[in-house]
Amino acid sequence: MFSLLVVAVIPDAVQATPSDPSTAADQAGAASSGDTGPTLVEGVEVTARRGATEFTPQHELGEAEIDALLATNIGDVINQVNERYGGQTAPVVIVNGQRLADADVFKSFPPDALMRVEVLPPGAGEVYADGDPTRKVVNIVLQKRFQSYDGVLNGSTPTAGETATLSGSLRRARINDLDTNQSGVRASNTSSLRANERPDYLEAHPDSTGATLRSQSRSASADYSLTRSLGQWRGSIRSAVQAQESHFTSGTEEEQIASRNRSRGVNVNTGLSREASGWSVQTQASGRISHSDINGATTSSSDNRSVNLSLNANRKLLRLPAGAVRTTVSVRAARSWSETERESVSKRSSGSENLDLRLTVPLLKITNSEATGRRSRVGVVSSRLSLGQRISDTGHGSNVGGNFSWAPFSRLNFDGTWSRSSDAPSDEQRYAPTAYGNPTTVYDFRTGQSVEVLPLTGGNPDLRAPKRDGVTLGASSGPFTAWRLVGNASYQRSETIDGIGSLPTTTAEVEAAFPDRFQRDADGKLLSIDQRPINIESAASSSVSANFNFSLPVADPVTSSMQVSVSQTWMLSDVTTIRAGLPRMDRMAGDGGGSSPHTLQVSVNARRKPWSLSANANWSEGYRIRASSGRDDASDLVIADFATVSLRLSYRLARAVPATESPKTDAVARRRNRGLSVEFEVENLFDARPRARLGDGQPASGYGRNDRDSIGRQVKVGLSARF
């Protein structure tokens with residue numbers, strides 16, 4: 001009887017070869033809860049692994065490592081993994097080795113619904129990211145069977161007292177192979193904090209008695225999602241209802257104004273995906289209805305509706321010696337309607353259409369010989385080029401990109417990407433509802449005083465498409481030794497024309513360039529700033545980042561673990577021209593708001609049987625904000641270094657699980673029968689507050705102990721249970 005080993009992509013499983021022994025250990029652990037072994041099909045032996053792709057993962061986390069992250073949900077897991085391995089932007093997420101129309105459906109599931117998480121190598125974006133080989137791709141592999149009913153209750157208060165937050169949520173989640181559903185509700189309430197409840201603030205601002213430092217707020221939301229197999233199609237629906245309300249008081253003791261912000265919204269998102277005639281097809285339709293109003297210092301209301309449709313199709317065209325040539329077609333259409341009532345009623349409708357065409361061509365591929373087992377003399381090398389054209393109502397543009405990857409050894413990899421793109425503004429940037437936010441404190445360089453202003457937020461339908469050039473060079477190594485040492489370093493440079501962002505810091509130059517976005521009273525006091533997005537003439541920046549991770553070896557990795565992650569970023573340059581005819585602003589020197597030249601993050605996650613500990617430290621180097629571009633001045637703001645430390649300790653009262661004859665089955669049962677957990681957390685352990693001085697060394701207005709942060713150190717107590 002002949003037996004063949006077939007390596008092929010099939011709907012739920014692909015053969016994957018671990019790149020190192022430690023990865024193989026993770027895969028063995030994943031197999032304990034759902035991976036399948038060899039299956040005999042008409043004389044052909046198929047070695048399959050649930051949820052694998054055609055790419056060998058560059059990094060992989062098994063169940064024990066996922067649990068050690070102490071994440072709240074799958075979305076939190078993805079964010080932590082992306083940060084750990086040097087992700088600068090949100091990754092493309094695929095599920096069980098397949099691209100779905102709406103992967104966000106799964107981000108609210110509990111983290112133990114995951115079997116493993118894979119960070120795919122450079123170039124995977126060719127298949128999973130609209131043909132863009134420069135994008136990072138993360139593959140989440142779900143348990144084959146999963147069901148949970150979870151409840152969470154949290155309470156928090158600053159150690160200085162006088163205000164508190166109480167929140168609670170209930171969530172049900174279920175996975176049955178390819179069919180899933182989940183539903184949840186959440187509510188929270190925060191009491192207000194007033195100036196007279198912070199004596200040192202009141203001493204510095206004696207006319208602010210009764211003014212609000214922290215708004216009273218209430219919110220409630222409910223969501224439901226469902227995925228189903230519909231013949232050859234995979235369908236999904238995700239819906240959410242939200243309601244928020246906040247109350248605050250602004251002004252002086254003689255003239256106080258009570259205000260209320262209120263918003264309501266309904267979102268619905270549907271998706272379909274399938275493989276048909278060689279094409280991988282994903283289509284989405286979404287809609288949003290919202291209402292917001294504010295009464296108080298200003299009175300307005302806004303009603304908004306939006307509809308978005310998209311279609312994406314990707315397929316192989318032909319195969320070259322270096323790999324497959326792929327084409328991607330993406331079509332998007334959006335429509336928005338708004339009605340705003342202030343002093344008068346204004347109605348507006350707008351729409352957009354986008355067509356993107358992309359061709360990805362492999363240029364070079366050198367691999368080790370699987371037939372003979374010989375290693376290539378230069379290691380594993382690959383290179384791809386991507387060519388595209390975008391046609392839209394915001395303008396036409398080309399998209400060109402490429403990447404290379406070189407692995408001279410199995411645990412050392414160098415990669416680089418280059419891209420030139422012209423992307424349409426997002427629906428959120430163009431159609432987000434217009435509303436006034438809660439008061440925020442800003443430093444007004446025109447008066448030399450810090451003031452409380454109402455920010456105007458929302459979308460801008462008139463945004464132009466930005467054009468970007470970007471280069472990234474990176475190196476990664478590991479894991480090494482029993483400590484699983486992994487290191488990443490990268491260099492990034494980007495240049496943007498018509499980039500999309502909000503106004504820089506409120507300097508006299510910025511206000512002169514955008515006078516209609518600043519509202520002042522008759523005495524010149526700043527009242528409101530329009531922070532809706534704008535097109536920025538040009539911007540260029542470069543930076544270097546490094547990440548270092550390791551796990552301490554433990555005797556029993558199923559019940560104990562300790563992971564340490566260190567990441568740093570150094571800004572090398574950051575220059576901006578906000579409008580044609582204005583001088584270029586060097587943000588590293590302090591023009592246009594300044595920026596921190598160096599940031600550092602350290603995290604430690606430890607677990608031993610029922611106990612878990614999470615510690616996080618963040619530090620940013622101080623910087624200067626110039627009152628006038630091009631020169632230092634006595635009226636500049638000099639921002640001090642800032643660091644915070646947070647600790648979280650939890651204890652799990654796991655339910656008893658009857659023992660079986662299979663240790664692997666027992667481990668899976670213990671993971672899912674989490675019982676009651678008690679959590680204690682201290683945010684900002686050392687009660688740090690933002691500090692600043694003027695260029696001449698004098699104290700800066702608005703940087704007293706409670707001016708920028710009236711909460712400081714905060715204690716949280718939480719209970720979570722699986723029913």
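A short reminder: the numbers here are calculations on the coordinates, not readings from a lab. Model, not experiment: these values are computed from the prediction. Quick reminder, even Gly has a Cβ in these numbers, built from the backbone with ideal geometry, and neighbours come from all protein chains shown.
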(request) Report, in degrees rounded to the nearest 10, the 0 to 90 angle that the Cα long axis of helix 21-31 makes with the longest principal axis of the chain. (result) 90
(request) Determine ³J(HN,Hα), in whole Hz, for all residues of the stretch 209-224 in sequence, where each value follows from phi through the Karplus function 6.51 cos²θ - 1.76 cosθ + 1.60 and θ = phi - 60°; x replaces Gly and Pro. (result) 3, x, 5, 8, 8, 9, 5, 6, 9, 9, 8, 8, 8, 9, 9, 8
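Taking the stretch 255-347, which GluC sites (Glu not before Pro) meet the DSSP loop condition and have no more than 15 other C-beta atoms within 10 Å? Mind dumping the intermediate values first?
Values: sites: 255, 275, 339, 341, 343; in loops: 255, 343.
When the GluC sites (Glu not before Pro) of the stretch 255-347 are filtered for loop state and at most 15 Cβ neighbours within 10 Å, 255, 343 remain.
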(message) Can you compute the modelled spin-label distance between residue 464 and residue 491, with each label point 7 Å from Cα toward Cβ, in nm?
(response) 3.1
(message) Need one number: nm distance between label points at residue 344 and residue 188, each 7 Å from Cα along Cα→Cβ, rounded to one decimal.
(response) 4.0
(request) For the stretch 96-180, just say rounded, prolate or oblate: build the C-alpha gyration tensor, square-root its eigenvalues into a ≥ b ≥ c, call rounded for a/c under 1.5, and beyond that prolate if a/b exceeds b/c, oblate if not. (result) oblate
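So how do 279, 418 line up by other beta-carbon neighbours within 10 Å, fewest first?
Numbers: 279 14, 418 17.
Lowest to highest Cβ neighbour count: 279, 418.
Fewest to most neighbouring Cβ within 10 Å: what's the order for 598, 396? Walk me through the numbers before you get to the answer.
On the way: 598 14, 396 11.
Ordered from fewest to most neighbouring Cβ atoms within 10 Å, 598, 396 come out as 396, 598.
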(message) Which trypsin sites (Lys or Arg not before Pro) in the stretch 596-647 sit in a loop by DSSP (not H, G, I, E or B) and have at most 11 other Cβ atoms within 10 Å of their own Cβ?
(response) 631
(request) With Cα Rg over 2.2 N^0.38 Å in mind, check (1) 1.37; (2) 1.01; (3) 1.12 and report the label derived from this structure. (result) (2)
(request) Could you tell me which of the pairs 316/365; 144/716; 136/467; 107/609 are separated by over 23 angstrom between their Cα atoms in the structure shown? (result) 144/716; 107/609
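Of the listed peptides 420-426, 167-173, 135-141, what is their order by residue-averaged count of other C-beta atoms within 10 Å, with the highest listed first? Please list the in-between numbers first.
On the way: 420-426: 19.9, 167-173: 17.4, 135-141: 24.1.
Averaged packing, sorted descending, gives the order 135-141, 420-426, 167-173.
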(request) Just grab the label-to-label distance for residue 363 and residue 449, each label 7 Å out from Cα along the Cβ direction, in nm (one decimal). (result) 6.0
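Is it possible to state the helix-based mean residue ellipticity at 222 nm for the chain, with each DSSP H run of 4+ residues giving -39500 (n - 2.57), the sum divided by total residues, to the nearest 500 deg cm²/dmol? What is it?
Details: 8 runs with 59 residues, N = 723.
Helix contribution divided over all residues of the chain: -2000 deg cm²/dmol.
With an 8 Å Cα cut-off and a minimum separation of 6 or more residues, compute the relative contact order for the chain in percent. List each step's numbers first, then the result.
Numbers: 1997 pairs, mean separation 63.4, N = 723.
Dividing the mean separation by the residue count of the chain yields 9 percent.
Sorted from fewest to most neighbouring beta carbons within 10 Å, what does the list 651, 623 look like?
Numbers: 651 13, 623 21.
Neighbour counts put them in this order, fewest first: 651, 623.
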(message) If amide hydrogens are placed 1.01 Å from N in the peptide plane, which non-local residues have theirs closer than 5 Å to the one on residue 368?
(response) 376
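Rounded, prolate or oblate, given the Cα gyration tensor of the stretch 66-113, with a/c below 1.5 counting as rounded?
On the way: a/c = 1.99, a/b = 1.12, b/c = 1.77.
Cα axes put the stretch 66-113 in the oblate bin.
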(message) What is the sum of charges, Lys and Arg at +1 and Asp and Glu at -1, for the other residues whose Cβ falls under 11 Å from the Cβ of residue 182?
(response) +3
